Amino acid sequence: MMDETEAISRCLAGERGAFEFIVNKYQSGLLTLAWSILGNREEAMDAAQDALVRAYMNLKTFNPKKNFRNWIYSIAYHRCLDCRRKEKLSKRYLQRASRELQSNSADNGQERQLEEFEYLNAILQRLNERERLAISLTLNDGYKASEVASILGCAESSARVYLFNAKRKLKKFLERNDHV
């Protein structure tokens, strides 16, 4: 069984198929990250795919002494920032994604899950970008503050503050049962 280090080495040696291991390992996490930032499934899929392509194209610049997962998530994060700058995403994208998901819902159970997702996503959209990313990486991917800091390009103490503020705001919104 191939591991991450071996896959990177094989890719650098010119074996294109070895990158499939990296795609399989990180694709869903990158998509989750992108969706939490962009709030739109299609944009998130494009950003995650573009991050994987950029990682492949720039693999030779990766420092093997660093954490690969942080490196590739950082690429995705910055790609999402680029998307936001270019597109100036707004609530209409979240609404469009919601309509797309609703059209794909087959039963009431899925509809209820969709409504809960929309509610939580709408609350997450009230957080600032760094808070939203910090909480998403921590809850969805189990990242520690040091890893979040590496992705955001900030001090670990700043990442902790973003996470603390995100938790505090989410708790406040949920306690008030604040409907968006």
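The values are calculated or read from the model by the stated rules, or taken from the named source; none is laboratory data. Every value quoted in this text rests on a predicted model; they were computed, and no experiment measured them. Positions of Cβ are backbone-derived with ideal geometry, glycine not excepted, and every protein chain shown enters the neighbour counts.
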- Search segment 43-80 for residues being assigned to a loop (DSSP other than H, G, I, E, B) and among the basic types (Lys, Arg), and hand back the single one that is surrounded by the fewest Cβ atoms within 10 Å (Cβ to Cβ). LYS65
- Task: Identify, from the list LEU120, LEU114, the residue that is at pLDDT below 75, under 16 Å from the mean Cα position of the chain (by Cα) and assigned to a helix (DSSP H, G or I).
- Result: LEU120
- Message: One residue is enough: does segment 55-71 have a residue meeting the conditions under 13 Å from the mean Cα position of the chain (by Cα), small (Gly, Ala, Ser) and modelled with pLDDT of 90 or more?
- Response: no
- Complete set of residues in segment 126-180 that are touching a residue at least 60 places away in the same chain (Cβ under 8 Å), surrounded by 20 or more Cβ atoms within 10 Å (Cβ to Cβ) and among the β-branched types (Val, Ile, Thr): ILE151
- Message: Given the condition in a helix (DSSP H, G or I), more than 30 Å from ALA166 (Cβ to Cβ) and either in contact with a helix residue (DSSP H, G or I) (Cβ under 6 Å, 6 or more places away or on another chain) or not assigned by TED's automatic domain parsing to the domain that holds CYS80 (or both), answer yes or no: does some residue in segment 20-42 qualify?
- Response: yes
